[in-house]
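In what follows, a single structure is set out as structure tokens and then discussed.
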Amino acid sequence: MIKKLLPAALLAALSFNAMAASNVTLYGVIDEAVTVTKHKGESAVVKLDNGIYAGSRFGLRGVEDLGNGNSVGFILEQGFNADDGSEAYGGKAFSREALLQVKGNWGEFAFGRAGGLSSDCGTYTILHGGALWTSYYTDGNMASAFINTDRMDNLVIYKSPSFSGATITAMYSNGTGLNTTGEDDKKWSKNSHYYGIGLDYAHNDTVFSAMWEMLDNKDIAAKSTQLFTLGGQQGFGNWTVWAAYQYAHNSQMLPGRN
């Protein structure tokens, strides 16, 4: 009887492990290119560039179904330079995203490190309005003209359910890590905090977003930076029109931050 039970128990354990493994995805991108840039009156520059379009990275994504439409999951994503294997962000094991997520019919919460609303980085960005995004950085992209928020530590994120194609995303960081070590255990008045709320809409060929973001700059004793950004795109058959507008107040940042 014992001999019969052992194979059955072993088979059950293997089945459980297989089911658990099916909920975890390993993914990645290797993005590298040879670029040639030529400006009038200057010599051409030829170089090997990392992350010209999407950014080299590898990641782990997992989710566990809790029933009744609820789930818990995680994202761990690390950026690296393909030509030498070095970290894209020095000193961080998962520099692009490190998130714990809880989802349900009521929306989703996420906690950890991610990109801000206008960062064009990761899961919760809602930036629209540029055909080449911010990652395509040789010439003529949104990052060269707009102030974009970066990836930030210590984020709390809420994303609403979709209402006829529209969602609302709100973010708060208790210590952004942009101008400090990223620790959030200092006195609240000494941390630099981030606040953001945005509306994202997508239906057929119409995509639109509007967002307000603020960095209070407490750690550098500067006035708060406020960003108001609108952007979208509209398809017309074989043609697509992109447009974006931004107003930056008391900015302590430069275009192309991320």
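Please calculate how many Å² of accessible area the range 68-107 carries per residue, with a 1.4 Å probe and no DNA, RNA or ligand atoms counted. Numbers along the way, then the final one.
Details: 2000 Å² over 40 residues.
Heavy-atom SASA per residue in the range 68-107 reads 50 Å².
At a probe size of 1.4 Å, how large is the accessible area of Trp242, to the nearest 10 Å²?
100 Å²
Once label points are set 7 Å from the Cα along Cα→Cβ at both Val102 and Thr35, what is their separation, rounded to one decimal in nm?
4.1 nm
Would you give the gap between the C-alpha center of the range 55-88 and the C-alpha center of the range 188-230, rounded to a whole Å?
Here the two parts' Cα centres lie 24 Å apart.
Accessible area of Phe58, 1.4 Å probe, to the nearest 10 Å²?
100 Å²
List, in the order given, every pair from Lys187/Lys218; Lys92/Lys187; Lys190/Lys223 whose Cα-Cα distance in the structure shown is over 19 Å. List each step's numbers first, then the result.
Numbers: Lys187/Lys218 11 Å; Lys92/Lys187 24 Å; Lys190/Lys223 13 Å.
Correct reply: Lys92/Lys187.
Taking a cut-off of 12 Å between Cα atoms, list the aspartates and glutamates near Lys103, but don't count ones fewer than 8 places away on the same chain.
The reachable aspartates and glutamates, counting only those whose Cα sits under 12 Å from Lys103, are Glu64, Asp65.
Hey, what do the phi angles of the range 238-246 turn into as Karplus ³J(HN,Hα) couplings, whole Hz, using 6.51/-1.76/1.60 and θ = phi - 60°, x for Gly and Pro?
7, 10, 9, 10, 10, 8, 8, 9, 9
Please report the carbon-and-sulfur percent of the accessible area for the range 75-120; probe 1.4 Å, protein heavy atoms only, DNA, RNA and ligands left out.
Details: 1060 of 1890 Å².
Whole-percent figure for carbon plus sulfur exposure: 56.
How much solvent-accessible surface does Ser189 expose, in Å² to the nearest 10, with a 1.4 Å probe and all protein chains in place?
Taking all protein chains as shown, Ser189 has close to 50 Å².
With r as the distance between the Cβ atoms of Lys47 and Ala170 and R0 = 41 Å, compute the FRET efficiency 1/(1 + (r/R0)^6) and round to 0.05. Write down the numbers at each step before the final one.
Details: r = 40 Å, r/R0 = 0.98.
About 0.55, to the nearest 0.05.
The values are calculated or read from the model by the stated rules, or taken from the named source; none is laboratory data. What you see is a predicted model; the values in this text were computed from it and never measured. For neighbour counting, all protein chains shown are included, and Cβ atoms are generated from backbone atoms with ideal geometry for every residue, glycine included. In case anyone asks, the SASA skips ligands and DNA or RNA and just uses the protein heavy atoms, side chains included. Shrake-Rupley method; radii C 1.70, N 1.55, O 1.52, S 1.80 Å.
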